[in-house]
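Below is one structure, written out as C-alpha cells; comments come after it.
The values are calculated or read from the model by the stated rules, or taken from the named source; none is laboratory data. Nothing here was measured: the structure is a model prediction, and the numbers come from that model. Cβ: placed from backbone, ideal geometry, glycine included. Neighbour counts: every protein chain shown.
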Amino acid sequence: MKKNLNGKIALIIGTLLVFLYGIFGIPKGVSGAALEQAITQRIHLGLDLRGGAHLILQVVVKDAVNAETDNTVARIEQAMADSHLAYTQVIKPDPNTPQVIRVDGVDPAHSSAVSSELSDRFGTEYDIASNSSDHSFTLTMKPSQLADLESRTLDQSIETIRDRVDRLGVSEPVIQRYGLGANEILVELPGVEDLDRIKDIIQSTSRLEVHEVAGNPDGYASEQEATASLGGVIPPDQYLVHGDPQGVSSDGGDHVFLLKRVSIVGGRDFRDASAIGPNDSGRQGVNFVLTNAGGQRFYDYTSTHVGSYMAIVLGDRVKNVAVIKSAIRDNGQIEGQFSKEQIDALSLTLRTGALPASIIPIEQRTVGASLGADSIRQGVIAAVAGTLAVMFFMLLYYRGAGINADLALFLNLVILLGFMGFSQSTLTLPGIAGVILTIGMGVDSNVLIFERIREEMRAGKGAAQAVDQGFAHAWVTIVDTHVTTIVSAAILFMFGTGPVKGFAVTLFFGLLANLFTAVFVSRVIFDSHLNSMKAGARISI
Amino acid sequence: MHRRRNWEGTESIVELFTGVTIDWLGKKWYFLAFSLIFSVSGIISMGMHYARTGSPVPLGVDFKGGTEVQVTFASAPDANQVRNATDAAGIHDVKIVAYDVPAKHELLISLPEQSDVNVDSSRKQILDALRQHYNNPILESSVQAVGPTVGRQLEKQAGLATLYSLVGMLVYLWFRFELIYGVAAVVAVFHDTLITVGAFALTGQEISLTVIAAILTLVGYSMNDTIVVFDRIRENLRISRREGLADVVNRSINQTLSRTVLTSGLTFLTVLALYIFGGKVLSGFSFALVVGILIGTYSSIAVAAPMLVAYQDWRMHRGKAATLPAAKRSR
C-alpha cells in the first residue's frame, strides 16, 4: 500500500522556501558577502552580540508635576484677582508633594465664593478641600490626572529622546518604556561605544526660558542678600536663579537673580538656535527663533514691557539679562561664552523640543563591537560543534533513520531563523541558549520516535506498522513535552524582559518548528522510504 | 549494548538498554538520601554565603548593582599594579580578574554597590585612575554600571517570570494528567534548580543574567524529561490496570531508559561543546547546564516518579480509594 506524498512533500519544500526567504530576503547576489549582508538585514542581533550601548533612564516625573502646578498657581492667582476675592497667598506647601496647592488666608466672607470659583475652574483636575479653622483651601491633583500626567511625561520624554537620537544618526535605536520600574525608559543604541557625548545630549534638560526680572537686574551677591532685599520672604510667584551673565558683573563671578517663576516663553516655544560668530568686541552668542505662537506671546509681552528687564535662563542658570528696548517678535540673540559643543547641543535640543522632566541614568552598559563579535564567534562555534556532534551520533546510532533526524534538525534551524527574520525579533546570547534547548528537544523527539519504532519492531510488527505505531505513540508524548515548554516560553516572554525574553523568543519559535519537523517532516521521509521499499523489507533504524 | 543481525542479513543495529528490569523504586531510599544530601548541602552553602555576604548566592553586577569595566591594556597588565593605581586614586574594594585569553591583555575590574544618583561615576574614577598610572593607551571594551534599584527590579522580575512559568506548566500538566503529576514535576524541577544554584554558592561563581537563561534552559530540559516518563506511566496504566503502581512506574522508567540516556547524553554533548568552545563569557552559563542536565535527568527518575508512588501509598494509608492517579484523558 503506497501513500501519495506529493502534496506533503510540496508543503515541506514550500515551507523551506518561505523560511529561507525569512532568513535571507531576496539577496542581491549569491556571493558570500551579499548573503551575509542579506542575513544581517533580516536577523537582528542584540547588543550583547553586535556591540553598542544600553541605558535605563529614570524620568523624574515630579519635575513635570511641578511645572504643571506652577502653572496652576498662576491661574489661581489670576482667577482670584479677576473675581476680586481676597487671600494672602497661593503656595505649594511641600516640595516633596508637588501635586498639592494651598490657598491661604481667604477672607471668611468670600469663603463660599472662593469655593465655587475654585471648583468651577479647577474641579475637574483637582480635589478641593477647605479648612475652616485657618481659612485655607487645599487643591490636590486627582490621582487619575496625576497618573495621566506622568504617563504623558513619559511618552513625551520617549518622543524627545527618539528625536534626538535620530538626529544624531544612530541606526536602529530602541527607545521604549522599560516595564520593570515606574517611569523608566530603555534606550539601546547599536554600534555606539562612546556613550558620554550621546548621553549628555539625550539627558540634556537644557530648557531655554525667558523670565521677567523681578528684583535688581544686576543680581545679588548671595541668596541671603536677595532674600533680605525682599524683607526675608520670597513671594511665591518669584524664585532665585544663579548665573554669571556677561556684562552684568565685571568680576564674572556667581550672582543670584530674582525672577518671576512663570516664564514669558520657554521650552517648546523655541524652534531653533544657531551660533553667531564672535563680533567686533570678540563676543559670541546664540541666535534663537521662536515658533509662531511663542513669537506672538513674546511680542505681546515685550510690547507692553518696554524698559523692563528680562533674563534668559538656560539649564537653570541665568545666561543673560537684557533690557527690553522695543517689541520683539520671533527671534533674538543671547550673548555669552559658549563652546561649539554647547551650541550644537543647545541647537539640537531646541529643535527636538525640551524634555518635560529631567532624566537620571540608573543603568548603563556598553559592549565593544569586538567583544560582541567574539561572543558571536564563540556561541556559533559552540552551537555548530554541538549540532554536528549530535548529527554525527544520530547517523551512527540510527543509520538510515539518522538521516531523517538530521534533515529534520536542519530544517528546524532554518524555520527558527526564518521566524526570527519575519518577526523582527532580536537574537541575543540568551537566545542562543534557547536554540540549544530547541536542538536538545528536537533530537529528543526523534529519539522518542525511533526508540518507539524499534520497540514496535521488537514486538514483531512489520516496517510500515511499526512506523505507524511508533509515531502514534510518540506523538502524544511530544505534544505534551512541547506544549508544556511552549506554555512556559510564552509566559516568560510575557513577563520577562531583556535576557529572559531573548531566551523565550527562540525557544518558542524553535519548539513550534520542532512540532512540524520532528513529527510531520520526519514522517514524510519515512513514508517515502517505505513507498520505495519491497514489501516485508526492514527499515534501517 | 548488543549487536545483532537484521532480517536483511546486513550488519548490525546498535542498541542500548533493551529489556532492562531495574527496580528503581526499590532504591527510593537511596535516592531520597542522595537528593537530601545535595539539596541540604546546597541550602547550607547558600546559608553560609548569606551569613558572609548578605545574599544567598554570589550575584553578578546585573543583580546586585555596581560597576564592571573590561579594560584592554597595551601590554600584559599586572593586577597588583592596577590595584596600586586604584588605591592611589582612593578607590578601594575593587575586584580585579584576569579576563579570558592572556594574549589579549584584558582585565575585568569591578566595584560593588553604587547609588542610583550617578551610575557612571565609578567607571570614570576607575578609568581616570588607570590613565594617570599608565602612559600607554588603555581601552574599555565593555562597561556595565547598574544602579541597585534596577538590579533589585531585575532580580524580582526574573524570579516572578520563572514562578509564573512553573505555575503555567503545573496547570497544563494538571489538565493533561492529574494534579499530582504536575506537582511532582514541579517539585522535581525545583529540586534541580535548588541544587544547581547551590552549586553556584558552593563554588563561588556569580549568577548573572546569562546564568538565569541557563537555569531556565535546565527547567525546560528537566520538565521535558519528566513528562516523557509520566507519559509512559500514563500509557502503561491504561494497558495494565491490575499491576501495582510501583511496578508500572518501574517498567515505564525502564522502557524509556534508552531514550533518557541517549537524549541526556546528546544534550550533554552539546553543552560540553559549549563549555569547551564557549569561552569565559559563557562559562557560568555552561557550568549551570552541565550540572543541571545531570541533575535534571536524575530527578525525573529519582524524584518525580517515586513521588507518584508515595502519593498513592499515602492515599491508601488514609483509607481513600486505592485507584491509581491515572490520566483523565488520553488519545
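Things to note:
- Scan of the range B:271-285 for residues that are touching a residue at least 24 places away in the same chain (Cβ under 8 Å) and buried (at least 24 other Cβ atoms within 10 Å of the Cβ), ordered by number: B:Phe285
- Considering the range B:187-217, and only residues there that are over 15 Å from B:Gly159 (Cα atoms) and among the aliphatic types (A, V, I, L, M), the residue that is nearest to the other protein chains (Cβ to nearest Cβ) turns out to be B:Ala188.
- All of (1) at pLDDT 80 or above; (2) touching a helix residue (DSSP H, G or I) at 6+ places or on another chain (Cβ under 6 Å); (3) not in a helix (DSSP H, G or I) hold for A:Gly294 with one exception: (3).
- Filtering the range B:131-165 to residues that are closer than 30 Å to B:Ala304 by Cβ, surrounded by fewer than 20 Cβ atoms within 10 Å (Cβ to Cβ) and more than 7 Å from chain A (Cβ to nearest Cβ) leaves B:Glu155, B:Lys156, B:Gly159, B:Leu163.
- Residue list for the range B:27-82, filter: more than 17 Å from B:His191 (Cβ to Cβ), among the small types (Gly, Ala, Ser) and touching a residue at least 40 places away in the same chain (Cβ under 8 Å): B:Gly60, B:Gly65, B:Gly66, B:Ala74, B:Ser75
- Residue identified as small (Gly, Ala, Ser), touching a residue at least 24 places away in the same chain (Cβ under 8 Å) and within 19 Å of A:Ala472 (Cα to Cα) among B:Ser264, B:Ser252: B:Ser252
- If you go through the range B:218-234 and keep only what is facing another protein chain (nearest Cβ under 7 Å), over 11 Å from the mean Cα position of the chain (by Cα) and not aliphatic (A, V, I, L, M), you end up with B:Asn224, B:Asp231.
- For the range A:355-372, the criterion of being under 24 Å from A:Val213 (Cβ atoms) and away from chain B (no Cβ under 14 Å) is satisfied by no residue at all.
- Within the range A:467-492, restricting attention to residues that are surrounded by 24 or more Cβ atoms within 10 Å (Cβ to Cβ) and over 47 Å from the mean Cα position of the chain (by Cα), the residue that is nearest to the other protein chains (Cβ to nearest Cβ) is A:Gly470.
- Positions within the range A:341-376 being at pLDDT 75 or above, among the β-branched types (Val, Ile, Thr) and part of a helix (DSSP H, G or I), in sequence order: none
- Filter result for A:Val447 (farther than 24 Å from A:Gly191 by Cβ and surrounded by 22 or more Cβ atoms within 10 Å (Cβ to Cβ)): yes
- Qualifying position, being buried (at least 19 other Cβ atoms within 10 Å of the Cβ) and either at pLDDT below 80 or touching a His at 6+ places or on another chain (Cβ under 6 Å) (or both), among B:Pro77, B:Pro112: B:Pro77
- Residue in the range B:115-130 that is within 13 Å of another protein chain (Cβ to nearest Cβ), closer than 24 Å to B:Ile91 by Cα, touching a residue at least 40 places away in the same chain (Cβ under 8 Å) and charged (D, E, K, R) present: yes
- For the range B:225-253, the set of residues classified as among the acidic types (Asp, Glu), closer than 19 Å to B:Arg176 by Cα and out of contact with any His (no Cβ under 8 Å at 6 or more places or on another chain) consists of B:Asp225, B:Asp231, listed by residue number.
- Listed by position, the helices (runs of 4 or more DSSP H) inside the range B:235-304 whose residues that are closer than 30 Å to B:Leu179 by Cβ and facing chain A (nearest Cβ under 8 Å) number at least 2 are B:257-277.
- Residue match in the range B:207-224 (condition: without any contact (Cβ under 8 Å) to a residue 12 or more places away in the chain and touching a Gly at 6+ places or on another chain (Cβ under 6 Å)): no
- Strands (runs of 3 or more DSSP E) wholly inside the range A:1-117 that include at least 3 residues being under 30 Å from A:Asp527 (Cβ atoms) and aliphatic (A, V, I, L, M): none
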